[in-house]
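Asker: Following this message is one structure expressed as structure tokens.
The values are calculated or read from the model by the stated rules, or taken from the named source; none is laboratory data. Quantities reported herein were computed from a predicted structural model and do not represent experimental measurements. All accessible areas refer to the heavy atoms of the entire protein, side chains included, with ligands and DNA or RNA removed. Shrake-Rupley method; radii C 1.70, N 1.55, O 1.52, S 1.80 Å.
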Amino acid sequence: MTLKRFITACLISTSLILPQVSYAQGSNNGLYIGAALGWADIKPKRINIINMSDGDLSPSLSTTLYTGYDFNHIFALELSATQISAKSKQQDNDLNKINIVNYILTPKWTIPLDDMFSISLKTGLSYSEADYEYHHDYNKEHLYYLSYVLGAGANFTLTPNIRVHVNFEYLEDITNSATFGLIEGISISQWSLGIDYQF
């Protein structure tokens, strides 16, 4: 509960205060859109399935579309949607695969290192929709998650309008939604390579 309150307070205070304080510091502000490919690892927080451990879900490819607004060269607000599909490594447990779509809203802080390179940090919230498919008669279940998000990245400016990013994101479910009582809560670790265009 303490962590959730801390993250919520950070989101509200930085989103309202930081853009106003630092708006005049830089001129490269504006809307941007981008896409990314990544590698995601899903870990259930608690498992009640016989013959299944938290390492039985294969890491999978992730695809992301995102858009955001740079208030200046330091602060941005970003919205993204990420699709992940993970299959079970074993055929003798109940779970077959999980399909997840994450909708993530994050304030992002960028620290320029020079004219071309920078690093970024972000924290925010994710709303996720997950479909669980089971081996027995291929039963399916649809669940919703609310997660906190922590992220960091390295950025490279190719042109004044085109940027390339290498990012890491960690999401952890804070609702502990249960799937038939079999899996309770998930966490996701994701590496991605993306490119965006700033208008």
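Asker: Residues with amide H under 5 Å of ASN96's amide H, sequence separation 5 or more or different chain, H placed in the peptide plane at 1.01 Å from N; which?
Answerer: Long-range HN contacts for ASN96: GLU133, TYR134, HIS135.
Asker: Can you give me the long-range amide H partners of THR175? Hydrogens built in the peptide plane at 1.01 Å from N, cutoff under 5 Å, separation of 5 or more residues or another chain.
Answerer: HN-HN under 5 Å from THR175: LEU146.
Asker: When all protein chains stay in place, what accessible area (Å², nearest 10, 1.4 Å probe) is found for LYS87?
Answerer: 120
Asker: For region 167-175, what does the Karplus curve 6.51 cos²θ - 1.76 cosθ + 1.60, with θ = phi - 60°, yield as ³J(HN,Hα) per residue in whole Hz, taken in order and with x for Gly and Pro?
Answerer: My calculation for region 167-175 gives 10, 10, 10, 10, 10, 9, 5, 10, 9 Hz in order.
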